[in-house]
1. Restricting the range 154-168 to residues that are under 27 Å from the mean Cα position of the chain (by Cα) and loosely packed, with under 11 Cβ neighbours inside 10 Å, which is nearest to LYS216 (Cα to Cα)?
2. Could you grab me the full set of residues in the range 184-222 that are assigned to a loop (DSSP other than H, G, I, E, B) and more than 19 Å from GLY328 (Cβ to Cβ)?
3. I need the full set of residues from the range 119-174 which are aromatic (Phe, Trp, Tyr) and part of a loop (DSSP other than H, G, I, E, B), in order please.
4. So the check is Cβ under 8 Å with 6+ separation or different chains; which pairs have a first residue in the range 359-376 that's farther than 16 Å from GLY327 by Cβ and modelled with pLDDT under 95 and a second one that's not in a loop (DSSP other than H, G, I, E, B) and not aliphatic (A, V, I, L, M)?
5. Of all residues in the range 5-29, which are of a type in the set (Val, Ile, Thr) and crowded, with 20+ Cβ neighbours inside 10 Å?
6. Being modelled with pLDDT of 95 or more and more than 21 Å from the chain's Cα centre (by Cα) is the filter here; which residues of the range 1-20 pass it?
7. How many residues does the range 46-100 hold that are in a strand (DSSP E or B) and either among the charged types (D, E, K, R) or closer than 14 Å to PHE18 by Cα (or both)?
8. Quick one: which of THR181, THR107 is closer than 22 Å to MET235 by Cα, β-branched (Val, Ile, Thr) and not in a loop (DSSP other than H, G, I, E, B)?
Amino acid sequence: MKILVINAGSSSIKYQLFDMTNECVIAKGMCDRVGQQSSTLIHKGKKDIRLEDVKMPSHVEAMKFVLDALVHAEHGVIKDLSEIKAVGHRVVLGGEDYTGSVVIDGTVMKALYANIGLAPLHNPANIQGIEACKEIMPKTPMVAVFDNAFHSTMPDYAYMYAINYDDYKKHKIRKYGFHGTSHLFVSSEAERLIGRKDLKIVIAHLGNGASMSAVKNGKSVDTSMGLTPLQGLIMGTRCGDIDSAAVEYLVNNTGMNVHEVTTYLNKKCGLLGICGFSSDFRDIEDEYEKGNDRARLAVEMFCYRVKSYVGSYAAAMGGLDCLVFTGGIGENSYIVREKVMEGLEFLGLEIDDKANKTTKRGETKLFSKGKAKAYVIPTNEEIMIARDTLRLVK
């Protein structure tokens, strides 16, 4: 059975086509700058192609390019679209309506629209991706795999904010968490590597978007992102944890309105705001090693925030068996792993410097020698989406 996985952003569509017989990727790619004057398709199938300056005024046209690439005589990997038995869609937020993946029908679509207010930057794009696929492939089953589903096991005392309870019930203001598909995959891999399920695991999913989770006995009991992905760690352009009164202060002192301040905190702060020249951690590390003091500050603030969450979650779970680094930064920056683990020996975490510094891109690796394990585990959200899609359509 072949499963197509779609991750639709506001101006992009990323896709992977899986043959679930052996869970191998037989084609993948992305459409970039969707809805702009000049769009791009990058496709890797039987042949790799790159189409530039093409017209993709909407996600529907972009999906047509994707599907045409998959069935193309020269670089395609299937004869016709009937070989695709189902499509799995990454959906950022299902709110309190869904605590697991679900086959998409009219009721599900109504819930997705109803939750746009909770995820205004992400859910509209996810919906556009679903509707584009439904228009072109109306008889193919569609599945929504929610980013927050893994975190639905958090206890109420962890996901609640200390606001008026009636306001929580009316407006659904609470911590939802994100990156759940990644946290589920990585925690499952850690259990497999250690050979036990009764574990206390802290996961650091570190990339341009970054989040932490506490996973106890296979279930998420806390996570760093909240009502939106803005809460928690310092990220590429997001500020992370901040005093909420800072919003009013910025409104009163900068001339920005509330919407503009929210955009500012999401897109102009974080690592970019601290260092002043880039949101890409690779650029920041390069400058850090050259002695750039703003880059040093960005690196140290980022690592300090991660370390703080490790300690907090270890305390909440009553101990720590395993710390996992994943995501673009977590998998590739030995400097970040080194700085985060420095001083955590009291938790049983003792770094193996050689193993840490020789970890290769895409490699799963143990890089600790203490009582608690520390791993680099590359994440694979797409295979989790494909597996859930297959499970539901079967």
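1. Just the residues of the range 154-168 that are under 27 Å from the mean Cα position of the chain (by Cα), to begin with: 154-162, 168.
Checking which are loosely packed, with under 11 Cβ neighbours inside 10 Å leaves us with 155-157, 162.
Details: PRO155: 12, ASP156: 16, TYR157: 16, ALA162: 24 Å.
My answer is PRO155.
2. Step one: list which residues in the range 184-222 are assigned to a loop (DSSP other than H, G, I, E, B), which gives 195-199, 207-209, 217-218.
Residues satisfying the conditions are GLY195, ARG196, LYS197, ASP198, LEU199, ASN217, GLY218.
3. Taking the range 119-174 and keeping what is aromatic (Phe, Trp, Tyr), we get 146, 150, 157, 159, 161, 165, 168.
Selection gives TYR161 alone.
4. Pairs found: GLY370/GLU345.
5. VAL5, ILE6, ILE13
6. LYS2, ASP19, MET20
7. To start, the set of residues in the range 46-100 that are in a strand (DSSP E or B) comprises 48-54, 84-91.
Going one step further and asking which of them are either among the charged types (D, E, K, R) or closer than 14 Å to PHE18 by Cα (or both), we end up with 48, 50, 52-53, 84-90.
Within the range 46-100, residues that are in a strand (DSSP E or B) and either among the charged types (D, E, K, R) or closer than 14 Å to PHE18 by Cα (or both) number 11.
8. Working: THR107 fails: closer than 22 Å to MET235 by Cα.
Being closer than 22 Å to MET235 by Cα, β-branched (Val, Ile, Thr) and not in a loop (DSSP other than H, G, I, E, B) holds for just one of THR181, THR107, which is THR181.
The values are calculated or read from the model by the stated rules, or taken from the named source; none is laboratory data. Everything numeric here is computed off the predicted structure, so don't read it as measured data. Methodologically, a virtual Cβ is constructed for each residue, glycine included, from the backbone with ideal geometry; neighbour enumeration extends over all protein chains shown. Just the protein is used for accessible areas: all its heavy atoms, side chains included, with ligands, DNA and RNA removed. Shrake-Rupley method; radii C 1.70, N 1.55, O 1.52, S 1.80 Å.
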